[in-house]
Amino acid sequence: MRIGELSRRTGVSVPTIKFYVREGLLPAGELTSPNQASYGEAHVQRLRLIRALLDVGGLSVAGVREVIVAVDDSERPVHRVLGAATVRMVPRYEREPDDGVREARKRVAELIAARGWRTHADNPAAEALAMALATVEEVGHGDFFEVLDVYADAAERVARADLDYVAHHVAREEVVESAVVGTVLGDAIFSAMRRLAHVDASDRVFGGRTT
């Protein structure tokens, strides 16, 4: 198909498609003449992945590029590629460590050890968790630590569901893409469902109260 048809099928403008090609997010089409290129179904799928990561996942163009690099890496084992892709999607923090952050890091390391998770405390996700916990403590809700195991139970179930889903895909690229999409879009889905559940729980717990 020509670039115009690719644009119509995906809803992505021609200039944007060309931008993605220049930025290395989308492979160039196959040249059929000096000024014409042909695109296939792989381009359609890749554009949909890019838009999902940008629009729903909230990643930057640079972040999407890093994820695409991991998805397209055919040399590393799937587990390592999944790790490389998902780590790139974790927020980074510039905050200087203080006593609160160091205590939160210690709690996260203890949580990882207690749960027997096959990861390590210097994983960016562990640092993101520590920063969140330190902030919770700072705003006067240190008792929130009491629900960490409940959160961990839920996280394990969701993570297993994610990977059980992608395990049904046979092709390596499909496995990786599905895991990446599941991580980014799954976060959005789970966050929205959690808010819906909060509304329900709030009504059940506080609905009849006046104070």
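The values are calculated or read from the model by the stated rules, or taken from the named source; none is laboratory data. Fair warning: this is a prediction, and the values are worked out from it, not measured in the lab. Here Cβ is always computed from backbone atoms with ideal geometry, including for glycine, and neighbour counts include all displayed protein chains.
Could you please let me know if Tyr39 is crowded, with 16+ Cβ neighbours inside 10 Å, touching a Gly at 6+ places or on another chain (Cβ under 6 Å), among the hydroxyl-bearing types (Ser, Thr, Tyr) and modelled with pLDDT of 85 or more? Talk me through it step by step, then tell me what you get.
Details: crowded, with 16+ Cβ neighbours inside 10 Å: yes; touching a Gly at 6+ places or on another chain (Cβ under 6 Å): yes; among the hydroxyl-bearing types (Ser, Thr, Tyr): yes; modelled with pLDDT of 85 or more: yes.
Yes, satisfied.
Filter segment 1-27 for residues that are among the small types (Gly, Ala, Ser) and surrounded by 13 or more Cβ atoms within 10 Å (Cβ to Cβ); which is nearest to Leu59 (Cα to Cα)? Steps first, answer last, please.
The initial filter retains those residues of segment 1-27 that are among the small types (Gly, Ala, Ser), namely 4, 7, 11, 13, 24.
Filter once more, so that each one left must be surrounded by 13 or more Cβ atoms within 10 Å (Cβ to Cβ): 7, 24.
Values: Ser7: 22, Gly24: 15 Å.
The selected residue is Gly24.
Just wondering, is there one or more residues in segment 42-54 that are part of a loop (DSSP other than H, G, I, E, B), within 23 Å of the chain's Cα centre (by Cα) and surrounded by 14 or more Cβ atoms within 10 Å (Cβ to Cβ)? No, every residue in segment 42-54 fails to be part of a loop (DSSP other than H, G, I, E, B), within 23 Å of the chain's Cα centre (by Cα) and surrounded by 14 or more Cβ atoms within 10 Å (Cβ to Cβ). Looking across segment 55-69, the residues that are assigned to a helix (DSSP H, G or I) and closer than 25 Å to Ser191 by Cα come down to Asp55, Val56, Val61, Ala62, Gly63, Val64, Arg65, Glu66, Val67, Ile68.
Within segment 21-44, how many residues turn out to be among the polar types (S, T, N, Q) and touching a residue at least 12 places away in the same chain (Cβ under 8 Å)?
As a first pass, look at segment 21-44 and keep what is among the polar types (S, T, N, Q): 32-33, 35-36, 38.
From what's left, touching a residue at least 12 places away in the same chain (Cβ under 8 Å): 36, 38.
Counting residues in segment 21-44 that are among the polar types (S, T, N, Q) and touching a residue at least 12 places away in the same chain (Cβ under 8 Å) gives 2.
For segment 94-110, residues that are under 24 Å from Val184 (Cβ atoms) and surrounded by 15 or more Cβ atoms within 10 Å (Cβ to Cβ) total 1.
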